[in-house]
Amino acid sequence: MESQSTLYGFFEGCWKNGTVLTIEMKKAVEKGRITQAEYDEITANERGNAYPDQE
């Protein structure tokens, strides 16, 4: 199994509690902080509701 990106756990936790927006997740992929596959895996889960998503 491939190792996860260093920030995978951070973005996964933020997604679960709703403190990261979809657009921010996409920028994390663009900047190489997480991979597209990790983005797909994280965003397949339900997003928390701490902040409303703008997308």
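Please verify whether the range 23-36 includes one or more residues that are modelled with pLDDT of 95 or more, in contact with a Lys or Arg (Cβ under 8 Å, 6 or more places away or on another chain) and exposed (fewer than 15 other Cβ atoms within 10 Å of the Cβ).
Within the range 23-36, none of the residues are modelled with pLDDT of 95 or more, in contact with a Lys or Arg (Cβ under 8 Å, 6 or more places away or on another chain) and exposed (fewer than 15 other Cβ atoms within 10 Å of the Cβ).
Just the residues that are farther than 21 Å from residue 2 by Cα and either in a loop (DSSP other than H, G, I, E, B) or not polar (S, T, N, Q) (or both), please, taken from the range 14-25.
Scanning the range 14-25 gives 14, 15, 16, 18, 19, 20, 21, 23, 24.
Identify the residue in the range 37-49 that is within 12 Å of residue 13 (Cα to Cα) and not charged (D, E, K, R) and, among all such residues, is surrounded by the fewest Cβ atoms within 10 Å (Cβ to Cβ).
Of everything passing the filter in the range 37-49, 45 is surrounded by the fewest Cβ atoms within 10 Å (Cβ to Cβ).
Which of (1) modelled with pLDDT of 95 or more; (2) of a type in the set (A, V, I, L, M); (3) assigned to a loop (DSSP other than H, G, I, E, B) is the odd one out, the single condition residue 1 does not satisfy?
The number of the failed condition is (1).
Pairs, please: C-beta under 7 Å, at least 6 apart or cross-chain, first residue of a type in the set (Val, Ile, Thr) and in the range 15-27, second in a loop (DSSP other than H, G, I, E, B)?
That search, which allows pairs on different chains as well, returns 19/50; 19/51; 22/53; 22/55; 23/54; 23/55.
Scanning for something in a helix (DSSP H, G or I), β-branched (Val, Ile, Thr) and within 8 Å of the chain's Cα centre (by Cα), does the range 26-46 turn up at least one residue?
Within the range 26-46, one or more residues are in a helix (DSSP H, G or I), β-branched (Val, Ile, Thr) and within 8 Å of the chain's Cα centre (by Cα).
The values are calculated or read from the model by the stated rules, or taken from the named source; none is laboratory data. From a predicted model like this one, the values you see are computed outputs, not experimental measurements. Because the Cβ atoms are built from the backbone with ideal geometry, glycine has one as well, and the counts that use them run over all protein chains shown.
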